[in-house]
1. Run down 183, 169 and say which single residue is in contact (Cβ under 8 Å) with a residue 12 or more places away in the chain, under 19 Å from residue 214 (Cα atoms), more than 7 Å from the ligand (Cβ to nearest atom) and surrounded by 20 or more Cβ atoms within 10 Å (Cβ to Cβ).
2. The conditions are (1) touching a residue at least 24 places away in the same chain (Cβ under 8 Å); (2) of a type in the set (Val, Ile, Thr); (3) outside any loop (DSSP other than H, G, I, E, B), and residue 116 fails exactly one of them. Which is it?
3. Which of (1) within 16 Å of the ligand (Cβ to nearest atom); (2) at pLDDT 95 or above; (3) exposed (fewer than 14 other Cβ atoms within 10 Å of the Cβ) is the odd one out, the single condition residue 195 does not satisfy?
Amino acid sequence: MIGRKKRRAIAAETAEAIGGATAAIDRQRRGQPAPVAPQREVVRFGHGSRVPGWDDAVDLAKNPAEIPDPSTTPVPAKLRAEIEAHMAKYPDFRSASIPALAAAQRVHGWCSPEAIWQTACVMRLTPGYLISVASFYDMLETHPVGRHAIYVCTNISCSLCGADELLERLAQVVGDDPDFNVRHFECLGACDIAPMASVDGIYVGPISLDEVPVLVEQVREGTPPLPGKQLHLRKSTDPGAARALPAATAADPGAARATPGAVNPVSPTHSHGAPMGGEPTGPPAPIERPPATEDDA
Ligand code: FES
(Lines give C-alpha, C1' and ligand atoms only; values in the text may rest on other atoms or scores of the structure.)
Protein backbone atom coordinates (compact mmCIF):
# COMPACT_ATOMS: atom_id res chain seq x y z
CA MET A 1 0.00 0.00 0.00
CA ILE A 2 1.31 3.47 -0.91
CA GLY A 3 1.47 6.05 1.89
CA ARG A 4 0.23 9.64 1.65
CA LYS A 5 3.76 11.06 1.36
CA LYS A 6 4.66 8.71 -1.50
CA ARG A 7 1.37 9.54 -3.29
CA ARG A 8 2.21 13.26 -3.09
CA ALA A 9 5.70 12.66 -4.49
CA ILE A 10 4.31 10.63 -7.40
CA ALA A 11 1.72 13.35 -8.12
CA ALA A 12 4.45 16.02 -8.13
CA GLU A 13 6.65 13.96 -10.48
CA THR A 14 3.71 13.33 -12.82
CA ALA A 15 2.80 17.06 -12.86
CA GLU A 16 6.40 17.96 -13.67
CA ALA A 17 6.52 15.43 -16.51
CA ILE A 18 3.21 16.66 -17.92
CA GLY A 19 4.41 20.29 -17.59
CA GLY A 20 7.63 19.46 -19.47
CA ALA A 21 5.76 17.66 -22.23
CA THR A 22 3.27 20.54 -22.61
CA ALA A 23 6.12 23.10 -22.83
CA ALA A 24 7.81 20.99 -25.54
CA ILE A 25 4.56 20.85 -27.60
CA ASP A 26 4.14 24.67 -27.22
CA ARG A 27 7.71 25.26 -28.42
CA GLN A 28 7.13 22.98 -31.40
CA ARG A 29 3.95 24.89 -32.35
CA ARG A 30 5.79 28.21 -32.17
CA GLY A 31 8.68 26.79 -34.27
CA GLN A 32 11.20 27.27 -31.47
CA PRO A 33 14.14 24.82 -31.19
CA ALA A 34 14.26 22.46 -28.21
CA PRO A 35 16.73 23.55 -25.51
CA VAL A 36 20.06 21.73 -25.66
CA ALA A 37 20.84 19.78 -22.49
CA PRO A 38 24.19 20.76 -20.92
CA GLN A 39 26.96 18.37 -21.93
CA ARG A 40 27.81 15.93 -19.14
CA GLU A 41 31.45 15.85 -18.16
CA VAL A 42 32.92 12.33 -18.34
CA VAL A 43 36.09 11.97 -16.35
CA ARG A 44 38.76 10.16 -18.31
CA PHE A 45 42.29 9.13 -17.47
CA GLY A 46 45.38 10.00 -19.51
CA HIS A 47 44.97 7.02 -21.84
CA GLY A 48 41.37 8.01 -22.66
CA SER A 49 39.64 5.30 -20.62
CA ARG A 50 37.24 5.85 -17.75
CA VAL A 51 38.97 3.03 -15.87
CA PRO A 52 42.52 3.55 -14.63
CA GLY A 53 45.09 1.24 -16.12
CA TRP A 54 42.83 -1.15 -18.05
CA ASP A 55 43.63 0.12 -21.50
CA ASP A 56 47.34 0.66 -20.92
CA ALA A 57 49.39 -0.68 -23.77
CA VAL A 58 51.94 -3.40 -23.14
CA ASP A 59 55.29 -2.00 -22.05
CA LEU A 60 57.44 -3.12 -24.97
CA ALA A 61 60.60 -1.96 -23.21
CA LYS A 62 60.15 -4.69 -20.57
CA ASN A 63 61.75 -8.09 -20.96
CA PRO A 64 59.25 -10.76 -22.01
CA ALA A 65 57.88 -12.96 -19.20
CA GLU A 66 60.19 -15.83 -18.45
CA ILE A 67 59.45 -19.45 -17.74
CA PRO A 68 61.68 -20.48 -14.81
CA ASP A 69 64.77 -22.43 -15.80
CA PRO A 70 64.63 -26.01 -14.41
CA SER A 71 68.41 -26.08 -13.99
CA THR A 72 68.31 -23.20 -11.52
CA THR A 73 64.89 -23.83 -9.93
CA PRO A 74 64.92 -26.61 -7.34
CA VAL A 75 61.48 -28.19 -6.90
CA PRO A 76 60.75 -30.76 -4.16
CA ALA A 77 60.47 -34.17 -5.86
CA LYS A 78 57.06 -34.95 -4.31
CA LEU A 79 55.62 -31.62 -5.41
CA ARG A 80 56.98 -32.08 -8.93
CA ALA A 81 55.44 -35.59 -9.13
CA GLU A 82 52.08 -34.34 -7.93
CA ILE A 83 51.98 -31.43 -10.36
CA GLU A 84 52.96 -33.70 -13.26
CA ALA A 85 50.24 -36.20 -12.26
CA HIS A 86 47.66 -33.38 -12.37
CA MET A 87 48.95 -32.21 -15.76
CA ALA A 88 48.57 -35.73 -17.16
CA LYS A 89 44.85 -35.71 -16.43
CA TYR A 90 43.86 -32.95 -18.85
CA PRO A 91 44.01 -32.58 -22.65
CA ASP A 92 45.30 -29.05 -22.05
CA PHE A 93 47.86 -29.20 -19.27
CA ARG A 94 47.05 -25.62 -18.21
CA SER A 95 43.74 -26.96 -16.85
CA ALA A 96 45.85 -28.38 -14.00
CA SER A 97 46.80 -24.90 -12.80
CA ILE A 98 44.38 -24.88 -9.85
CA PRO A 99 45.27 -28.32 -8.40
CA ALA A 100 48.95 -27.64 -9.09
CA LEU A 101 48.80 -24.36 -7.18
CA ALA A 102 46.85 -26.05 -4.39
CA ALA A 103 49.61 -28.67 -4.15
CA ALA A 104 52.28 -25.96 -3.98
CA GLN A 105 50.21 -24.15 -1.34
CA ARG A 106 50.13 -27.29 0.79
CA VAL A 107 53.92 -27.42 0.66
CA HIS A 108 54.63 -23.72 1.20
CA GLY A 109 51.60 -22.70 3.29
CA TRP A 110 50.51 -20.15 0.68
CA CYS A 111 51.08 -19.30 -2.97
CA SER A 112 54.34 -17.58 -2.16
CA PRO A 113 56.63 -16.29 -4.93
CA GLU A 114 58.69 -19.47 -4.45
CA ALA A 115 55.60 -21.69 -4.73
CA ILE A 116 54.48 -19.89 -7.89
CA TRP A 117 57.99 -20.06 -9.35
CA GLN A 118 58.29 -23.82 -8.72
CA THR A 119 54.83 -24.53 -10.15
CA ALA A 120 55.61 -22.40 -13.21
CA CYS A 121 58.87 -24.27 -13.67
CA VAL A 122 57.19 -27.70 -13.67
CA MET A 123 54.24 -26.59 -15.80
CA ARG A 124 56.40 -24.60 -18.24
CA LEU A 125 54.24 -21.52 -17.77
CA THR A 126 55.12 -17.98 -16.83
CA PRO A 127 54.73 -17.05 -13.15
CA GLY A 128 52.40 -14.25 -14.32
CA TYR A 129 49.97 -16.82 -15.77
CA LEU A 130 49.78 -18.65 -12.45
CA ILE A 131 49.55 -15.44 -10.40
CA SER A 132 46.46 -14.50 -12.44
CA VAL A 133 44.90 -17.85 -11.46
CA ALA A 134 45.98 -17.69 -7.80
CA SER A 135 44.71 -14.15 -7.35
CA PHE A 136 41.29 -15.08 -8.76
CA TYR A 137 40.41 -18.06 -6.57
CA ASP A 138 39.48 -17.57 -2.94
CA MET A 139 41.10 -20.68 -1.54
CA LEU A 140 44.46 -19.96 -3.09
CA GLU A 141 46.21 -17.60 -0.71
CA THR A 142 48.42 -14.88 -2.15
CA HIS A 143 49.57 -13.68 1.28
CA PRO A 144 50.92 -15.64 4.24
CA VAL A 145 48.09 -17.03 6.39
CA GLY A 146 47.74 -19.21 9.47
CA ARG A 147 47.89 -22.93 8.79
CA HIS A 148 44.45 -23.61 10.33
CA ALA A 149 41.79 -22.43 7.91
CA ILE A 150 38.39 -21.75 9.45
CA TYR A 151 35.89 -20.57 6.87
CA VAL A 152 32.62 -19.40 8.41
CA CYS A 153 29.76 -19.44 5.94
CA THR A 154 27.95 -16.10 6.03
CA ASN A 155 25.55 -16.73 3.19
CA ILE A 156 21.81 -16.42 3.62
CA SER A 157 20.87 -19.63 5.51
CA CYS A 158 23.84 -19.38 7.87
CA SER A 159 23.40 -15.65 8.22
CA LEU A 160 19.78 -16.08 9.32
CA CYS A 161 20.96 -18.62 11.90
CA GLY A 162 23.61 -16.35 13.44
CA ALA A 163 26.71 -16.73 11.24
CA ASP A 164 27.81 -13.13 11.76
CA GLU A 165 27.85 -13.58 15.54
CA LEU A 166 29.65 -16.91 15.09
CA LEU A 167 32.35 -15.29 12.96
CA GLU A 168 32.75 -12.48 15.47
CA ARG A 169 33.02 -14.93 18.39
CA LEU A 170 35.59 -17.07 16.54
CA ALA A 171 37.70 -14.03 15.71
CA GLN A 172 37.48 -12.98 19.36
CA VAL A 173 38.50 -16.41 20.75
CA VAL A 174 41.30 -16.92 18.22
CA GLY A 175 42.60 -13.40 18.88
CA ASP A 176 45.89 -12.66 17.19
CA ASP A 177 47.06 -16.29 17.06
CA PRO A 178 49.04 -16.41 13.79
CA ASP A 179 48.28 -20.13 13.41
CA PHE A 180 44.69 -19.37 12.42
CA ASN A 181 43.13 -18.09 9.24
CA VAL A 182 39.56 -17.20 10.23
CA ARG A 183 37.46 -15.66 7.50
CA HIS A 184 33.96 -15.51 6.13
CA PHE A 185 32.96 -17.46 3.08
CA GLU A 186 29.94 -17.60 0.82
CA CYS A 187 27.61 -20.62 0.71
CA LEU A 188 29.66 -23.71 1.44
CA GLY A 189 26.79 -25.92 0.32
CA ALA A 190 25.84 -27.30 3.73
CA CYS A 191 22.93 -25.00 4.46
CA ASP A 192 21.10 -27.72 6.43
CA ILE A 193 23.68 -27.49 9.22
CA ALA A 194 23.66 -23.69 9.45
CA PRO A 195 25.43 -21.86 10.96
CA MET A 196 28.42 -23.89 9.86
CA ALA A 197 32.11 -23.59 9.16
CA SER A 198 34.74 -25.48 7.26
CA VAL A 199 37.44 -26.25 9.82
CA ASP A 200 40.62 -27.31 8.04
CA GLY A 201 38.39 -28.75 5.35
CA ILE A 202 35.99 -30.53 7.71
CA TYR A 203 32.40 -29.30 7.62
CA VAL A 204 31.07 -28.67 11.12
CA GLY A 205 27.66 -27.38 12.16
CA PRO A 206 25.41 -26.14 13.52
CA ILE A 207 27.92 -24.40 15.79
CA SER A 208 26.62 -22.57 18.84
CA LEU A 209 28.49 -19.62 20.32
CA ASP A 210 29.18 -21.63 23.50
CA GLU A 211 31.01 -24.28 21.48
CA VAL A 212 33.49 -21.85 19.93
CA PRO A 213 36.17 -22.00 22.72
CA VAL A 214 36.07 -25.83 22.66
CA LEU A 215 36.33 -25.85 18.88
CA VAL A 216 39.33 -23.51 18.85
CA GLU A 217 41.04 -25.56 21.55
CA GLN A 218 40.49 -28.79 19.59
CA VAL A 219 42.03 -27.22 16.49
CA ARG A 220 45.02 -26.02 18.54
CA GLU A 221 45.52 -29.51 19.99
CA GLY A 222 45.08 -31.22 16.64
CA THR A 223 42.08 -33.27 17.78
CA PRO A 224 38.92 -33.65 15.66
CA PRO A 225 36.80 -30.48 15.79
CA LEU A 226 33.37 -31.03 17.39
CA PRO A 227 33.17 -34.69 16.26
CA GLY A 228 29.46 -34.90 17.04
CA LYS A 229 28.78 -32.12 14.57
CA GLN A 230 30.88 -33.14 11.61
CA LEU A 231 28.81 -33.39 8.46
CA HIS A 232 30.57 -36.45 7.09
CA LEU A 233 29.81 -38.41 10.26
CA ARG A 234 26.12 -37.61 10.38
CA LYS A 235 23.56 -40.33 10.07
CA SER A 236 22.23 -40.75 6.58
CA THR A 237 19.42 -42.64 4.90
CA ASP A 238 22.23 -44.39 3.04
CA PRO A 239 23.48 -47.01 5.51
CA GLY A 240 26.83 -47.06 3.70
CA ALA A 241 27.45 -43.34 4.04
CA ALA A 242 29.68 -41.93 6.77
CA ARG A 243 31.69 -45.13 6.88
CA ALA A 244 35.03 -46.18 5.51
CA LEU A 245 35.26 -46.72 1.79
CA PRO A 246 38.10 -49.07 0.84
CA ALA A 247 40.19 -47.68 -1.99
CA ALA A 248 39.43 -49.06 -5.42
CA THR A 249 42.23 -51.22 -6.77
CA ALA A 250 43.50 -51.65 -10.31
CA ALA A 251 42.07 -55.19 -10.31
CA ASP A 252 38.71 -54.06 -9.01
CA PRO A 253 38.29 -50.34 -9.78
CA GLY A 254 34.62 -50.32 -8.86
CA ALA A 255 35.19 -51.98 -5.52
CA ALA A 256 34.75 -48.91 -3.30
CA ARG A 257 32.04 -50.03 -0.91
CA ALA A 258 31.13 -49.17 2.61
CA THR A 259 32.56 -51.34 5.35
CA PRO A 260 29.84 -51.66 7.97
CA GLY A 261 31.01 -50.62 11.41
CA ALA A 262 34.30 -49.13 10.26
CA VAL A 263 35.43 -45.70 11.34
CA ASN A 264 35.72 -43.22 8.54
CA PRO A 265 39.45 -42.79 7.96
CA VAL A 266 39.20 -40.24 5.16
CA SER A 267 39.06 -37.04 7.21
CA PRO A 268 40.43 -34.34 4.96
CA THR A 269 43.63 -32.85 6.28
CA HIS A 270 43.39 -29.73 4.18
CA SER A 271 40.69 -27.62 2.64
CA HIS A 272 41.68 -28.83 -0.82
CA GLY A 273 41.23 -32.46 0.20
CA ALA A 274 43.74 -35.25 -0.01
CA PRO A 275 46.32 -34.91 -2.78
CA MET A 276 45.54 -36.90 -5.90
CA GLY A 277 48.46 -38.99 -6.95
CA GLY A 278 49.46 -41.36 -9.68
CA GLU A 279 48.32 -41.84 -13.20
CA PRO A 280 44.58 -41.72 -13.84
CA THR A 281 43.01 -45.08 -14.65
CA GLY A 282 41.02 -45.62 -17.83
CA PRO A 283 41.42 -44.18 -21.30
CA PRO A 284 42.81 -40.64 -21.61
CA ALA A 285 40.39 -37.82 -22.23
CA PRO A 286 39.86 -37.14 -25.93
CA ILE A 287 41.79 -34.28 -27.44
CA GLU A 288 39.63 -32.16 -29.67
CA ARG A 289 41.15 -31.36 -33.02
CA PRO A 290 39.59 -29.55 -35.97
CA PRO A 291 38.61 -31.86 -38.86
CA ALA A 292 41.46 -32.45 -41.30
CA THR A 293 39.27 -31.94 -44.39
CA GLU A 294 35.84 -30.51 -44.97
CA ASP A 295 34.52 -34.04 -45.69
CA ASP A 296 35.53 -35.14 -42.17
CA ALA A 297 33.43 -32.39 -40.61
S1 FES B 1 24.26 -20.65 3.52
FE2 FES B 1 25.81 -21.49 4.75
S3 FES B 1 26.23 -23.39 3.83
FE4 FES B 1 24.76 -22.50 2.53
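The values are calculated or read from the model by the stated rules, or taken from the named source; none is laboratory data. These numbers come from a predicted model, not from an experiment. Quick reminder, even Gly has a Cβ in these numbers, built from the backbone with ideal geometry, and neighbours come from all protein chains shown.
1. After applying the criteria, what remains is 169.
2. Status for residue 116: all satisfied but (1).
3. With (1) within 16 Å of the ligand (Cβ to nearest atom); (2) at pLDDT 95 or above; (3) exposed (fewer than 14 other Cβ atoms within 10 Å of the Cβ) applied to residue 195, the lone miss is (3).
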